[in-house]
Structure formats: C-alpha cells, structure tokens
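Structure first, commentary second.
The values are calculated or read from the model by the stated rules, or taken from the named source; none is laboratory data. Everything quoted here is computed from the prediction, not taken from an experiment. Cβ coordinates were reconstructed from backbone atoms using ideal geometry, including for glycine residues, and neighbour counts include every protein chain displayed. SASA here: full protein model, heavy atoms, side chains in, ligands and nucleic acids out. Shrake-Rupley method; radii C 1.70, N 1.55, O 1.52, S 1.80 Å.
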Amino acid sequence: MSAASTKVLILIPAFNEEAALSVFLPELGTRYPILVVDDGSVDHTAAVARKHGAVVLRLPQNLGVGGAVQAGCGYAWRHGYDQVVRLDGDGQHPAECVSLLLDAIERDQLDMVTGSRFLSEEVQGYQSTRARQMGIGFLASALSRICRQRITDPTSGCFAINRRLIYYFSHRYPADYPEPEALALIARQGYHFGETAVQFRERQAGASSITGWGPAFYMLKVGLALLVDRARSVDPHFQRRTLDWVDGAQTP
Amino acid sequence: MNLPDELLHFLHLLGHSLAARVLLGCLGATLMGLLGRRIALKNISPLPAIILALIALGALVFAFYPPVLNMMVRLDYSFRIRILWASLSLVVLLTTLESLRTSWLEERYALLWVGTSLVILFVAAFPQTIGLLRILSGMNYTSAVIALIFAFLVLVCFHFSIALSQHQNSNELLTREHALLERRVEELEELLKAATPQLPTSPHSASSDEAPAADT
C-alpha cells in the first residue's frame with residue numbers, strides 16, 4: 001500500500017476545548033481530514049471545530065475519552081480509512097507528531113505506534129509534574145512486564161493505528177482511562193505495537209480533566225482493570241490473525 | 001427431639017452402617033472423578049467446581065471417618081461462627097471475581113463487592129479487630145459482624161441508587177436527542193420530496209403519525 005493511496009484520518013477527542021482547538025486546528029493544516037469528536041461539550045467546541053474545517057461527531061452526552069475514541073474509530077471504519085492518528089484536543093501534541101507516527105507505522109510494519117515523551121534519554125519538551133511522572137514510571141514498568149516489551153509512556157494520548165485496530169477499537173475499547181488498558185489488551189490479542197519519540201508541549205489553553213484525587217483513583221482503577229483483563233480469556237473474534245479479512249475489505 | 005438433634009442422630013446412625021458409608025464413599029469418589037475430568041478438559045467454571053469439590057471431599061471424609069462429624073460439632077462456637085463467616089465471604093468474593101472475569105459485571109460495581117468480602121474475611125480471620133464496635137456498643141462478635149455487613153450493604157445499595165439516577169438521566173437525554181434527530185430526518189425527507197416529486201416517499205413520513213410502541 002503506497003503512501004499516496006492510504007486514507008489517513010486525524011482523530012481528536014475533545015471535551016470543552018474551544019480555546020485550545022482554535023489554536024491547534026490551524027497548526028494541523030489540511031493535509032489529512034480531521035475528525036473532532038465532541039464529547040458532550042457545553043461550550044462551542046463543535047462550532048470552533050467546524051469553522052476550521054474539521055468533521056465533527058457530536059456525542060449527545062459525555063462518555064469519557066474512551067467512548068469518544070471508540071466513536072471516532074467507528075466513523076473511520078465506516079468511511080474506509082486505512083490509518084487513524086489520535087491526538088489530544090488540548091494541543092499537547094504538536095503537529096509534527098502526525099508524520100512521525102505515520103512514518104513509524106510504515107517503517108516498522110506495526111499495528112499501533114504510540115508517541116512517547118520518555119523515549120529519548122535527555123529530558124525534552126513538556127514532561128508533566130513530578131508526582132505524575134513517578135506514577136507513570138511505575139505504570140510503565142508494570143505494563144512492560146505484562147506486555148513483555150518495553151513501554152515508556154503508557155498514558156500517552158497520541159498514537160496511530162492501522163485498519164485492523166480501527167475495526168477492533170470501534171467494537172471494543174476500555175471506557176475509563178483507556179490508554180494503558182488498550183496496550184495490554186492488544187498485546188494479549190497478538191497485535192504488534194511500538195513507540196516512537198515525540199515531544200509534548202504545555203496544553204494550549206483550558207484545564208485538565210484529571211485533577212485532585214484523579215491520579216490515585218486512576219492507579220487503582222487501572223491496576224484492577226489490568227488484573228481483570230489478565231484473567232479474562234482471549235477474545236477470539238478480535239485476535240490479530242482473525243482480522244486478516246480487514247485488510248482487503250471495502251467499507252461495510 | 002428437635003430437627004438439628006434428629007439430623008445429628010440420623011448421621012450418627014449412618015456412621016455406624018457400613019453399607020451407607022460405602023455408598024457415600026463411592027458417590028464422593030464418582031463426583032471427584034467427574035469433576036477431575038471436567039477440570040482437565042477445562043469445561044467448568046471455578047466456582048461450581050470448588051463447591052462440588054468440597055461436597056465430594058466432605059462425603060469421602062465422612063465415609064472414611066464418621067467421628068469427624070462429632071469433632072466438628074464439638075468445636076468451640078466462636079470458631080465455628082468464624083468459619084461460617086469466612087466461607088460466606090469467600091463465596092461472595094469468588095462469585096464476584098468470576099462475574100468480572102466473564103464480563104457479566106463491570107469493574108466499577110465489582111469494587112465494592114470485593115471490598116466487602118475482603119473486610120468480612122479479615123474480620124473472620126482476626127476477630128479482635130472488631131473489638132472497637134464491642135467497646136462502643138457492647139455487641140458480641142456475631143452482632144458486630146452483622147452490623148458491619150449491614151453497613152456495607154447500605155453502601156452498595158446507595159451506589160446502585162447513584163448509578164440508577166445516572167442511567168435515568170442518560171435515558172432521558174437520549175430520548176430527547178432521538179426526537180430531535182427524528183425531526184431532522186423528517187425535514188430532510190420533505191426537502192427531498194419537494195426536489196424530486198416522482199420518487200416514492202418512505203412509509204414513515206410525517207403524514208402517517210402513529211403513536212410509537214409504548215413499552216413501559
């Protein structure tokens with residue numbers, strides 16, 4: 001599949017990000033179509049996104065980032081996209097991420113590439129607070145052991161997926177704090193994934209939705225979910241080898 | 001004689017009858033064999049397996065050594081009650097974990113159940129921990145455990161009430177959105193009909209307003 005014929009969609013889940021999006025969307029430009037999934041925002045996120053030429057999927061109520069990404073993947077599958085690049089709505093992921101991720105996915109023939117801010121040795125770009133870094137480090141080592149490969153940034157919201165995972169995620173995607181669980185899940189189901197180094201920035205505007213007790217509850221919830229996923233049997237309908245038909249399939 | 005005494009008397013007679021013991025032993029062994037085969041084929045889920053294994057084991061042990069029942073009955077009351085609480089909380093714990101594993105139960109609702117059963121298990125293993133309740137209210141051990149279980153059940157029910165409220169709101173929102181979407185489709189159909197009058201309209205056009213099926 002040559003680069004010219006692959007259909008790529010940029011997926012941005014957004015919750016009350018009208019300010020950040022108005023700065024971020026022009027930076028992304030018009031090279032690839034952009035889908036903004038408005039997760040039940042109460043501000044003008046949808047209007048801002050439409051004004052900058054993005055397709056908008058307006059969810060009637062807030063499902064969380066997991067539900068928003070799943071809805072976006074459903075859209076991508078039905079419209080026949082080959083690859084989806086997911087970026088955060090707050091502009092933490094600069095526009096260069098897109099080409100970095102897509103190059104990595106082509107070069108290494110992976111199903112999923114995550115953008116990691118901790119991959120390079122030196123400290124680069126926005127690294128988040130100390131407390132969160134320790135938590136992320138702990139989670140990264142636990143996840144590396146579970147997935148049996150090196151993972152440095154388990155909570156990164158910037159990744160690229162190919163057609164099989166578009167199909168998979170449109171049917172099954174963890175609901176709360178999905179990024180680490182999703183990695184463990186696809187490792188279990190036999191998919192190939194890797195990381196590539198990217199630099200983050202400060203969020204462009206607005207406030208984070210994970211504050212206060214959030215991180216502690218996050219760890220507890222993710223820990224329990226990882227344990228439970230480990231105990232569950234492999235889902236045969238969505239294993240990598242079961243989804244061979246996806247590569248040649250037209251849109252349903 | 002009352003029922004428990006009659007039961008014990010019956011079991012005492014059973015213990016003395018060789019035929020009954022042999023029969024019980026064979027039944028226990030067959031049950032064990034069937035279970036073993038199913039487990040080897042991985043054709044059985046953990047919770048029924050454990051319960052049936054315990055029954056089979058009990059039958060076998062009684063068949064070989066009937067006085068074990070007398071020993072159990074003569075155990076100290078406080079010890080027996082702790083075993084009872086521990087077994088009950090283990091059953092709850094295993095049922096919850098199994099439901100989680102087969103995706104019957106969502107994680108957010110399972111957390112409270114797992115917490116409850118772990119606390120009861122802990123209190124059964126270390127009865128001194130519930131001493132605070134005894135100091136405060138003079139309850140004995142059993143009453144204190146029941147009070148603890150009651151408190152947790154209230155928490156669980158309250159959690160359900162919250163979840164139900166959220167689902168209620170969600171349902172109402174989706175109903176409103178559904179109506180708005182329906183209106184948009186009708187407007188589109190009218191536009192289409194106006195633009196291409198020769199095409200047949202769909203059977204659910206605005207002119208055929210039936211009351212939607214009401215499922216309370």
Spacing of the two label points (7 Å from each Cα toward its C-beta) at B:F150 and A:H52, in nm: 5.8
Extreme residue, positive dipole direction of chain B, given options B:I120, B:F79, B:C157 (C-beta unit charges): B:F79
Listed residues B:I39, B:I120, B:I149, most fluctuating in chain B (Gaussian network, C-alpha, under 10 Å): B:I39
Diffusion coefficient, µm² s⁻¹, Stokes-Einstein with Kirkwood Rh over alpha-carbon pairs of chain B at 20 °C and 1.002 mPa s: 90
Value at 222 nm in deg cm²/dmol, rounded to 500, when DSSP H runs of n ≥ 4 in chain B each add -39,500 (n - 2.57): -27500 deg cm²/dmol
Rg ratio (alpha-carbon, reference 2.2 N^0.38 Å) - region A:156-198: 1.12
Alpha carbon convex hull of region B:1-104, volume per residue in cubic angstrom: 118
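Over region B:98-165, average the accessible area per residue using a 1.4 Å probe and give it in Å², no decimals.
Details: 4170 Å² over 68 residues.
Per residue, region B:98-165 has 61 Å² of solvent-accessible surface.
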Interface area, B with A, accessible, probe 1.4 Å, both sides summed, Å² nearest 100: 1000
GNM top mover of B:L188, B:L148, B:L52 - chain B, alpha-carbon springs below 10 Å: B:L188
Region A:1-123: Cα Rg divided by the 2.2 N^0.38 Å rule of thumb: 1.06
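Hey, got a sec? Which trypsin sites (Lys or Arg not before Pro) in region A:56-103 land in a DSSP loop and have at most 15 other Cβ atoms within 10 Å? If you can, show how the numbers build up before the last one.
On the way: sites: A:R58, A:R78, A:R86; in loops: none.
Answer in residue order: no site qualifies.
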Residue order for A:R150, A:R50 - accessible surface, 1.4 angstrom probe, largest first: A:R150, A:R50
Hull shadow area, averaged, the protein assembly as shown [alpha-carbon convex hull, nm²]: 34.3
Acute angle (nearest 10 degrees) that the helix B:77-101 long axis makes with the longest principal axis of chain B, alpha-carbon atoms: 30
Computed FRET value (nearest 0.05) for A:Q61 with B:L18, which takes r as the C-beta separation and R₀ as 60 Å: 0.30
Contact order normalised by residue count of chain B, Cα under 8 Å, 6+ apart, percent: 12
For the protein assembly as shown, size of Cβ-based charge dipole, Lys and Arg +1, Asp and Glu -1, in debye: 1780
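Of all GluC sites (Glu not before Pro) in region B:93-135, which ones are in loop regions per DSSP and have a Cβ with at most 15 other Cβ atoms within 10 Å?
Working: sites: B:E98, B:E106, B:E107; in loops: B:E106.
Those satisfying the criteria are B:E106.
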Furthest towards positive pole of dipole, B:M32, B:I50, B:L3, structure part region B:1-123, Cβ charges: B:M32
Debye, to nearest 20: dipole size of region A:131-184, +1 on Lys, Arg Cβ, -1 on Asp, Glu Cβ: 260
Fraction of accessible area attributable to carbon and sulfur, region B:69-125 (%, probe 1.4 Å): 73
In Hz, Karplus ³J(HN,Hα) per residue of region A:216-231 (6.51, -1.76, 1.60; θ = phi - 60°; x = Gly, Pro): 5, 4, 3, 4, 4, 5, 5, x, 4, 4, 5, 4, 5, 4, 4, 6
Residue-normalised accessible area of chain A, given per residue in Å² at a 1.4 Å probe: 47
Most fluctuating residue given options B:W104, B:W85, B:W113, as computed from a GNM of chain B linking Cα atoms under 10 Å: B:W104
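How big is the dipole moment of region B:1-115 about its Cα centre under a simple scheme where the beta carbon of each Lys and Arg is +1, that of each Asp and Glu is -1, and everything else is neutral? Debye, nearest 20, please.
Values: 9 positive and 6 negative charges, 67 e Å.
In total the dipole reaches around 320 debye.
For the protein assembly as shown, give the share of DSSP beta bridges that are antiparallel, in percent and rounded to the nearest 5; count only bridges with both residues there. Display every interim value, and only then the final one.
Numbers: 6 of 25 bridges.
Here the share of antiparallel DSSP bridges comes out near 25 percent.
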Region B:99-207 pair-distance distribution - Cα-Cα, 5 Å bins, rounded %: 2, 9, 12, 11, 10, 8, 7, 6, 6, 5, 5, 4, 4, 4, 3, 2, 1, 0
Descending principal axes extents, region B:82-161, alpha-carbon based, whole Å: 42, 28, 14
Geometric extent, Cα atoms of region A:88-192 - Rg, Dmax (angstrom): 13.7, 38
Under the Debye formula (equal points on every Cα, no solvent term), log10 I(q)/I(0) of region B:16-70 at q = 0.12, 0.14, 0.20, 0.24 Å⁻¹: -0.30, -0.39, -0.68, -0.85
Value of relative contact order over chain A, rounded to a whole percent, pairs C-alpha under 8 Å and six or more apart: 23
15 Å reach of a label modelled at B:Q128, 7 Å along Cα-to-Cβ, counting backbone N of region B:76-116: none
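What fraction, in whole percent, of alpha-carbon pairs in chain A exceed 35 Å separation? List each step's numbers first, then the result.
Values: 2643 of 31626 pairs.
That tail contains 8 percent of the Cα-Cα pairs.
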